[in-house]
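Colleague: I have a structure here, written as structure tokens, and I will follow up with some questions on it.
The values are calculated or read from the model by the stated rules, or taken from the named source; none is laboratory data. Predicted, not measured: the structure shown is a model, and the values here were computed from it. Methodologically, a virtual Cβ is constructed for each residue, glycine included, from the backbone with ideal geometry; neighbour enumeration extends over all protein chains shown. Remember, those area values only see protein heavy atoms, side chains included, never the ligands or the DNA or RNA. Shrake-Rupley method; radii C 1.70, N 1.55, O 1.52, S 1.80 Å.
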Amino acid sequence: MVIFTLIVVLAIFQGAEARCFCTVKSNVLAKQTPCGFTITSIPEETCFPSTETKETCKLNENNKEFQSIEYSPGLDLWIDADSLIVAPEYKCQNTKETYEDLAKSCSAIQIVTRSQWQARPPRSRTNLVTPVSMLFVHHTAGATCSSQSTCSARTRAIQNYHMDSNRWNDIGYNFLIGGDGRAYEGRGWSTVGAHTGCHNRRSIAFSAMGNFETSSPPQIILTAIQNLARCAVSRGILSSGYELFGHRDAMSTSCPGRYLYSVIQGWPNFSTRPVRC
Ligand SMILES: [Zn+2]
């Protein structure tokens, strides 16, 4: 009972401790001091605990109010208060990962570039407006692979099928995840894909190589998907509060297979919001 009471008191105390602020504009500048130089630019809908400190800085004869946020442990930065809104505290709890942690997730995944897997050039491409707020997970419903050479060959075969049979401009997905744990660059970070019908222009898609309707996805693929998603957030491609879906949430398909789908349903960003095309 004493312990229980203590937990409740601690929870109340922590709840009152820090407010949470989220950016409401894209490319928000974070500065060393209110009037100081810019350290980094932050995508829209990125949330940070507040340090509860405000200061004004005179810019072009106008007094601008700046809010201090905890950018990462031990590093407080200043953001123009007009670019922030107060958000519910859970928004900050979900983004406890700092940008430094997120950037590390980019080095935790090896991306095999188009030239490395010997891609054909796209027939044409359309620029993706980022950050997008939706990530769709697919499976290729085909053979799996376990080395860079076999996964590269699979990726080339899928590109041929998408370009020659489907008559698409390029391989459909933004990235493919091999059974070797590498990410194979499809349309990449900045090109609209052909993967999820009505959502192509407002999402990116990762496709796990293999058939996960008939077998369970190996951990190496699951870890790679998670690292690539976190890397996408750190690069400002996915918004930090992005929603995760399976292809089947938007269209009538079994993709990404029942076994992979049941795993992603347990991930923190998974959304049950109806998104059927
Ligand atoms: Zn799919």
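Colleague: How about the chain: what cysteines have no other cysteine beta carbon under 4.7 Å from their own?
Modeller: Result for the chain is 255, no neighbouring Cys Cβ within the cutoff.
Colleague: What part of the accessible area of the range 17-96, given as a whole %, is carbon or sulfur when the probe is 1.4 angstrom?
Modeller: 46
Colleague: A further question on this structure: At a 10 angstrom cut-off on C-beta neighbours, averaged per residue, how do the peptides 236-244, 152-160, 113-121 rank from highest to lowest?
Modeller: Going from most to least packed, we get 236-244, 152-160, 113-121.
Colleague: Suppose only helical runs count, i.e. DSSP H with n ≥ 4. What mean residue ellipticity at 222 nm does that imply for the chain under -39500 (n - 2.57) per run, divided by all residues and rounded to the nearest 500 deg cm²/dmol?
Modeller: Calculated from helices alone, the mean residue ellipticity at 222 nm is -7500 deg cm²/dmol.
Colleague: Around residue 208, which amide H atoms from residues at least 5 apart in sequence, or from another chain, sit under 5 Å from its own amide H, with H modelled in the peptide plane?
Modeller: 138, 139, 140, 177
Colleague: Calculate the FRET efficiency for residue 111 and residue 272 from the Cβ-Cβ distance with a Förster distance of 30 Å, rounded to the nearest 0.05.
Modeller: E between residue 111 and residue 272, to the nearest 0.05, is 0.50.
Colleague: Where is the GNM fluctuation largest for the chain (alpha-carbon springs, 10 angstrom cutoff): 200, 127, 174?
Modeller: 127
Colleague: State the antiparallel share, in %, of DSSP beta bridges confined to the chain, rounding to the nearest 5.
Modeller: 65
Colleague: So, for the chain, what is the accessible surface per residue at a probe of 1.4 Å, expressed in square angstrom?
Modeller: For the chain, the solvent-accessible area averages 50 Å² per residue.
Colleague: Within the set of other residues whose C-beta is less than 10 Å from the C-beta of residue 121, count the net charge using Lys and Arg as +1 and Asp and Glu as -1.
Modeller: Local net charge: +3.
Colleague: So for the chain, averaging the separation of alpha carbon pairs under 8 Å that are six or more residues apart and normalising by length, what relative contact order in percent results?
Modeller: Reported as a whole number, the value is 18 percent.
Colleague: Right, here's the next one. So what does residue 270 come to for accessible area, using a 1.4 Å probe and Å² rounded to 10?
Modeller: Taking all protein chains as shown, residue 270 has close to 40 Å².
Colleague: For residue 150 and residue 53, compute 0.36 nm times the residue count separating them, minus their Cα-Cα distance, and round to one decimal in nm.
Modeller: Residue separation times 0.36 nm, minus the Cα-Cα distance, leaves 29.5 nm.
Colleague: Along Cα→Cβ, 7 Å out, is where each label goes; now give me the distance between the ones at residue 223 and residue 27 in nm to one decimal.
Modeller: My value for the distance between the label points is 3.7 nm.
Colleague: Rounded, prolate or oblate: pick one for the range 163-204, where a ≥ b ≥ c are the square roots of the eigenvalues of its C-alpha gyration tensor, a/c under 1.5 means rounded, and failing that, prolate if a/b is larger than b/c, else oblate.
Modeller: Oblate is the answer for the range 163-204, as a/c is 1.5 or above yet b/c matches or exceeds a/b.
Colleague: State, to one decimal in nm, how far the label point of residue 62 lies from the label point of residue 125, with both points 7 Å from Cα in the Cβ direction.
Modeller: Going from the residue 62 label point to the residue 125 one covers 3.7 nm.
Colleague: Could you give the radius of gyration (one decimal) and Dmax (whole number) of the Cα atoms in the chain, in Å?
Modeller: So, for the chain, Rg and Dmax equal 21.2, 69 Å respectively.
Colleague: Based on the Cβ-Cβ distance of residue 143 and residue 38, what FRET efficiency does E = 1/(1 + (r/R0)^6) give at R0 = 45 Å, to the nearest 0.05?
Modeller: Calculated transfer efficiency: 0.40.
Colleague: Oh, and also: Straight-line reach from residue 104: which lysines fall under 24 Å, measuring Cα to Cα and dropping same-chain residues less than 8 apart?
Modeller: Candidates past the 8-residue exclusion: 31, 91, 96.
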